[in-house]
Each structure stands twice: as C-alpha cells, then as structure tokens.
Amino acid sequence: MSTLEAPDTAERDRKAEHIDLALEERIQLGANFFEEYYFEHQALPEIDLKEIDLATTFLNKRLRSPLLISCMTGGTEQATRINRNLAAAAEECGIAIGVGSQRKAIEDPSMVPSFQIRDQAPTVPLLANLGAVQLNYGFGLDECRAAVEMIDADALVFHLNPLQEALQPEGQCDFRNLIEQIGEIATRLDVPVIVKEIGCGIGAAAARGLKDAGIEIIDTAGLGGTSWARIEARRASEVDLGELFADWGVATPRSIRELREIGGLTVIGSGGVRSGVDVAKAIALGADLAGMAQPFLETASQSAELTVEKCHRTVRELKIAMFCAGAIDLPALQQVELQRRARG
C-alpha cells in the first residue's frame with residue numbers, strides 16, 4: 001500500500017465503521033422526546049381518511065409526503081448500495097433525499113460514484129452535503145459548486161458537528177467565523193443552502209444568526225436519535241467520554257419550536273423521528289418537513305423494497321394520526337395544538 005493510498009483507505013474504513021455503529025441499538029440515545037407531547041383525540045374528526053392530503057412543495061418540487069431521507073453516507077461500496085436503495089425508495093414514494101458528506105469525494109474522485117444517485121431519483125429533491133467547518137480548512141465556493149454538480153443537487157446542505165469533531169481523533173475544530181462564510185456561499189451559489197446539525201440540534205441563537213446571514217432553510221437534526229458522541233467515543237476507545245456527552249444538545253421538539261418562533265424559515269424537523277406519529281408531532285410543533293435517517297438506513301442496508309415499505313408504513317401512521325387529530329392537510333396539522341404530558 002502506498003502512502004497516497006493509505007488515507008483514502010482509512011477514510012473508507014471510517015465511513016464503513018460509522019454505518020455499522022449507527023445500526024447498533026445501543027448507539028441510539030434511547031430517549032424519545034416526542035413522547036412528551038400528545039394529540040387530543042377527536043372522536044368526531046369531521047373528515048374522511050381517504051381525503052387527507054400530505055402533499056407539499058420543497059425546493060420548488062412537489063412531494064407526495066412531507067418526508068426527507070436525511071443525509072447519511074457515501075464513499076464505500078456498502079454506502080453505494082445503501083444510497084442507491086434510498087434513492088430508488090425516495091423516487092417511488094415521492095419524498096426528498098440527501099447524501100452524506102462529499103468532502104472526501106471532492107478530494108478523491110474514486111469515491112464520487114457512491115454519491116451519484118440522480119439516475120435513481122430523477123424527479124425528487126436531492127441534497128448535496130458538506131461540513132461547514134471545511135470552509136476553514138481550504139474549501140470555498142468552487143468546492144461547494146463541485147458538490148452540487150457532482151450529484152445534480154437541488155440544494156447544498158452545510159452540516160454543523162462541533163461535538164462530533166471534538167470527539168474524533170482526526171477532528172477539525174476551528175469553527176470561527178462560519179456564519180459569515182456560510183452566508184457568503186449562500187449569496188453566490190446557484191442553489192439554496194440548507195444548514196443542519198447532525199444530532200445535537202440548533203437553538204434560537206444559532207438560527208437567528210443563520211437567518212440574518214441569509215439562510216432560509218434549517219434542519220434541526222436535534223437530540224433524540226443516533227448519538228454521534230457515542231459513535232466517535234467508541235471509535236476513539238473513550239466510551240466513558242461518549243456517555244458523558246451522549247445527551248448533549250437541544251431536543252428536537254424544542255429546536256422545532258424555537259426555529260418556528262423566529263419566523264421566515266422553512267423548518268425541517270429531524271433527530272429521533274422514528275414513526276409517522278413523530279412526523280405528525282414534528283409538523284404540529286412547527287416543522288414543514290420531517291427528516292428520518294437511522295430507520296431508513298436500517299432498511300436500505302437490506303433493499304430498496306424494504307425502504308419503500310418503511311416509507312409507506314410511515315405515511316400510513318402519519319395519516320392515521322392526522323385523521324384522529326382532525327387535520328385534513330399539513331396546514332391544518334400545523335394549527336393543531338399539541339398537549340404536553342405532566343412530568344413526575
């Protein structure tokens with residue numbers, strides 16, 4: 001093995017390890033913050049279940065359901081299969097999809113095919129993805145354009161991951177001046193820029209800064225699902241450190257509410273969304289779309305058909321929740337007031 005080949009092999013091993021760990025149940029946070037909320041049951045919903053309308057528009061494309069297969073993976077043979085299964089399911093179900101971080105594919109063209117899924121998803125919104133911190137490590141407008149062009153994307157996601165980087169042995173932790181740089185890219189890129197966390201959530205202060213910089217779409221990616229603190233601490237053989245930070249962040253329901261109160265944002269609610277009932281709660285809390293990652297990763301590791309089944313099941317759960325809450329469509333669901341369970 002040459003010295004030039006070694007870093008790429010290490011990166012592929014890291015991405016493969018991320019997939020394997022994310023599929024382990026003990027890596028999940030194990031706390032469903034959506035359970036704190038419930039819908040008041042409507043015994044007389046005064047609507048027909050068959051007439052419930054889940055359609056919405058995202059990035060100027062029509063979705064049949066308000067769902068996003070969240071950004072996850074790329075860069076390995078296993079990731080290629082997973083991404084193609086996810087893309088085929090997204091197209092079949094009429095929902096949006098994102099890919100994992102494309103940084104290494106920009107640096108190593110051999111990884112590019114694992115991200116190229118537009119042929120499997122020709123009509124649905126497709127999101128490119130780079131780490132925002134890369135703007136402090138040599139990436140700029142050219143690399144952002146390359147990520148978008150690589151997959152013929154409808155938008156570019158900048159992911160924020162300070163905790164993950166801090167726990168990674170190879171982490172990059174210079175997060176200075178990123179809001180200004182993200183805003184500058186957003187004004188010059190030909191597609192919209194979306195900003196998301198990866199599991200620790202985005203609070204009101206960060207969201208206001210992003211909105212002031214010109215960002216109009218924010219994905220909460222809040223606390224409640226896969227714990228990247230546990231993943232990276234396991235990789236670094238520092239399990240105790242991972243447990244210390246496992247519940248660090250803003251819970252997804254709170255993040256959705258804080259972003260909605262700011263106004264003028266398209267809010268994607270993700271982080272611990274595990275069912276159609278969670279999707280309904282996310283939208284009632286103020287999200288425009290709901291993102292799911294690990295549940296689709298689990299099915300896409302096996303087949304596109306199982307992923308389609310998971311999507312259909314999620315949609316059915318969402319429709320039943322809306323029916324019993326008396327909401328005929330998504331705007332009506334956003335007007336439903338969730339109840340909150342008393343603690344203790």
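No value in this document is a laboratory result; all are computed from the given coordinates. These numbers come from a predicted model, not from an experiment. Cβ placement follows ideal geometry from the backbone for every residue including glycine, while neighbour counts extend to all protein chains displayed.
Give me the log10 of I(q) over I(0) for the range 256-308 at q = 0.21, 0.23, 0.28 Å⁻¹, as the Debye formula computes it from C-alpha points; what are the numbers?
Log10 I(q)/I(0), no solvent term: -0.73, -0.81, -1.00.
By counting other Cβ atoms within 10 Å of each Cβ, how are Glu46, Glu232, Glu216 ranked from fewest to most?
By the 10 Å Cβ count, ascending, the order reads Glu46, Glu216, Glu232.
Between the range 51-83 and the range 124-173, how far is it from one alpha carbon centroid to the other, in angstrom?
The two parts, judged by their Cα centres, are 18 Å apart.
Of all trypsin sites (Lys or Arg not before Pro) in the range 166-221, which ones are in loop regions per DSSP and have a Cβ with at most 13 other Cβ atoms within 10 Å?
Here the trypsin sites (Lys or Arg not before Pro) that fit, given the DSSP loop and packing criteria, are Arg176.
For the range 37-112, take the alpha-carbon Rg, divide it by the Kirkwood Rh, and send me Rg/Rh.
Rg/Rh for the range 37-112 comes to 1.18.
Using a 10 Å Cβ count of at most 14 others and DSSP loop calls, identify the longest part of the chain lacking such chymotrypsin sites (Phe, Trp or Tyr not before Pro).
Answer - 1-136.
First measure r as the distance between the Cβ atoms of Ile262 and Glu77, then evaluate 1/(1 + (r/R0)^6) with R0 = 45 Å and state the FRET efficiency to the nearest 0.05.
According to the calculation, E is roughly 0.60.
Normalized C-alpha radius of gyration of the range 121-235, against 2.2 N^0.38 Å?
Rounded to two decimals, the normalised Rg is 1.06.
What is the local net charge at Cys311, summed over the other residues whose Cβ is closer than 15 Å to its Cβ (Lys, Arg +1; Asp, Glu -1)?
Residues close to Cys311 contribute a combined charge of -1.
How big is the Rg/Rh ratio for the chain, C-alpha atoms only, Rh by Kirkwood, two decimals? Mind showing how you got there, number by number?
On the way: Rg = 19.2 Å, Rh = 20.2 Å.
Computed over Cα atoms, the ratio is 0.95.
Determine the relative contact order of the chain: mean sequence separation of Cα pairs under 8 Å and six or more apart, normalised by residue count, in whole percent.
Over the chain, the number comes to 22 percent.
Can you pull a Stokes-Einstein diffusion coefficient for the range 196-344 at 20 °C (1.002 mPa s), Rh from Kirkwood over Cα pairs, as a whole number of µm²/s?
131 µm²/s
Just give me a number: lysine pairs in the chain, eight or more positions apart or cross-chain, with C-alpha atoms less than 25 Å apart.
20
Output needed for the range 258-344: three equivalent-ellipsoid semi-axes, defined as square roots of 5 times the C-alpha gyration tensor eigenvalues, in descending order, whole Å. Present the calculation step by step, with values, prior to reporting the outcome.
Values: eigenvalues 116, 47, 36 Å².
Equivalent-ellipsoid dimensions as semi-axes: 24, 15, 13 Å.
Could you calculate, for the range 146-205, the ratio of the Cα radius of gyration to the Kirkwood radius, expressed as Rg to Rh?
Values: Rg = 13.0 Å, Rh = 13.1 Å.
On the Cα set of the range 146-205, Rg over Rh gives 1.00.
Determine, at each q value in 0.18, 0.22 (inverse angstroms), the log₁₀ of I(q)/I(0) that the Debye formula gives when each Cα of the range 180-234 is one equal point scatterer.
Values, matching the q order: -0.65, -0.82.
With viscosity set to 0.890 mPa s and temperature to 25 °C, compute the Stokes-Einstein D of the range 200-273, Rh being the Kirkwood radius across alpha carbon pairs; µm²/s, no decimals.
191 µm²/s
With no solvent and one equal point scatterer per Cα, compute the Debye intensity ratio I(q)/I(0) for the range 107-186 at 0.12, 0.26 Å⁻¹ and report its log10, rounded to two decimals.
One equal scatterer on each Cα of the range 107-186 leads to -0.39, -1.26.
Please report, to one decimal in angstroms, the Kirkwood hydrodynamic radius of the range 41-197 built from all distinct Cα-Cα pairs. Mind dumping the intermediate values first?
On the way: mean 1/r = 0.0597 Å⁻¹.
One decimal place: 16.8 Å for the Kirkwood radius.
Could you pull out every Cys in the chain that lacks a partner Cys with its beta carbon under 4.7 Å away?
Cys71, Cys144, Cys173, Cys200, Cys324
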